[in-house]
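Beneath this line is the structure, given in structure tokens, with notes to follow.
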Amino acid sequence: MTPAVSRETPPPSPPAAARTIFGTALDGAIGYAELLASAGVERGLIGPREAERVWERHVLNCAVVAALVPDGARVVDVGSGAGLPGIPLALALPDARIVLVEPLARRVEWLREVIADLGVAIEVERGRAEEDVVRRRWEGADVVTSRAVAPLHRLAAWCLPLARPGGMMLAVKGMSAPAEVERDARAVAALGGGIPRIETCGIGIVDPPSTVVVVERLRRRRG
Ligand SMILES: C[S@@+](CC[C@H](N)C(=O)[O-])C[C@H]1O[C@@H](n2cnc3c(N)ncnc32)[C@H](O)[C@@H]1O
């Protein structure tokens with residue numbers, strides 16, 4: 001097994017904005033970027049061409065979503081893969097309590113190694129978001145995040161049951177966001193979600209900024 005701590009590839013330097021976003025956790029963010037760009041590529045967690053743009057496309061792109069997360073929130077990150085957006089969010093939000101939910105053993109092993117290496121307090125749950133055991137253990141979250149996991153209607157079915165009534169899911173999407181919202185708004189409502197809205201995070205920090213679909217879990221179903 002290739003150790004997560006292999007850092008032979010020269011790490012890309014952090015952009016100036018990284019200090020503002022991560023504050024005292026900047027060293028942790030640098031460590032995570034190094035791991036992604038080296039062992040993360042070697043172990044197939046991200047593509048080889050991602051190494052040189054690991055800050056903009058991955059670490060900062062995810063960390064800027066912290067602007068939508070309330071202080072001290074309990075956060076479930078569904079489909080974390082290499083740890084995105086959950087690990088950058090945990091570093092940017094030291095008061096948040098974060099669990100990463102990921103079904104694939106190889107990715108879970110990576111997540112546990114990275115968390116140990118960085119020394120951050122993040123939990124990892126091996127499983128699928130829609131499984132009863134996962135729901136029982138992690139339901140009632142303030143915020144349920146995801147990036148590049150599934151279409152909006154499926155995410156709503158997986159993520160809304162993990163959020164507390166009045167909590168929200170944040171789905172980091174690309175340019176597909178408006179079309180997904182239009183297509184899936186009715187399905188989201190049927191699942192107990194509010195009207196989806198699109199937020200743009202990180203203007204002037206990441207290019208392009210991150211597009212996030214925000215859906216509140218309603219306290220009562222509409223209609
Ligand atoms: C394309 S990857 C994205 C990983 C990461 N979120 C990112 O942005 O780089 C999708 C991830 O979702 C996970 N996944 C797929 N279905 C899932 C489910 N039902 N519950 C939790 N995770 C799931 C996959 O194992 C995979 O790691």
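Residues that are open to solvent by 40 Å² or more (accessible area, probe 1.4 Å) and either in a loop (DSSP other than H, G, I, E, B) or within 14 Å of the ligand (Cβ to nearest atom) (or both) within the range 162-208 comprise Gly174, Met175, Ser176, Leu191, Ile195, Ile203, Gly204, Ile205, Asp207, Pro208, listed in sequence order. Among residues of the range 66-88 that are touching a residue at least 24 places away in the same chain (Cβ under 8 Å) and of a type in the set (Asp, Glu), those with a beta-carbon under 7 Å from a residue that is assigned to a helix (DSSP H, G or I) and within 10 Å of the ligand (Cβ to nearest atom) at least six positions away or on a different chain give the pairs Asp77/Gly86. Counting the residues of the range 119-161 that are without any contact (Cβ under 8 Å) to a residue 60 or more places away in the chain, within 12 Å of the ligand (Cβ to nearest atom) and open to solvent by 70 Å² or more (accessible area, probe 1.4 Å) gives 4. For the range 51-79, a tally of residues being over 19 Å from Gly140 (Cα atoms) and near the ligand (Cβ under 8 Å from one of its atoms) returns 2. Selection of the range 165-185 for residues being closer than 12 Å to Val215 by Cα and not hydrophobic (A, V, I, L, M, F, W, C) yields Pro165, Gly166, Gly167, Asp184. Considering the range 94-118, and only residues there that are in contact with a Gly (Cβ under 9 Å, 6 or more places away or on another chain), closer than 21 Å to Ala39 by Cα and open to solvent by 50 Å² or more (accessible area, probe 1.4 Å), the residue that is farthest from the ligand (Cβ to nearest atom) turns out to be Asp117. Residues that are β-branched (Val, Ile, Thr) and crowded, with 20+ Cβ neighbours inside 10 Å do not occur anywhere in the range 1-8.
Taking the condition in contact with a strand residue (DSSP E or B) (Cβ under 7 Å, 6 or more places away or on another chain), near the ligand (Cβ under 9 Å from one of its atoms) and either at pLDDT 95 or above or not aliphatic (A, V, I, L, M) (or both), does Leu84 pass? Spelling it out, Leu84 is indeed in contact with a strand residue (DSSP E or B) (Cβ under 7 Å, 6 or more places away or on another chain), near the ligand (Cβ under 9 Å from one of its atoms) and either at pLDDT 95 or above or not aliphatic (A, V, I, L, M) (or both).
The values are calculated or read from the model by the stated rules, or taken from the named source; none is laboratory data. Everything quoted here is computed from the prediction, not taken from an experiment. Here Cβ is always computed from backbone atoms with ideal geometry, including for glycine, and neighbour counts include all displayed protein chains. Surface accessibility is based on the protein's heavy atoms, side chains included, excluding ligands, DNA and RNA. Shrake-Rupley method; radii C 1.70, N 1.55, O 1.52, S 1.80 Å.
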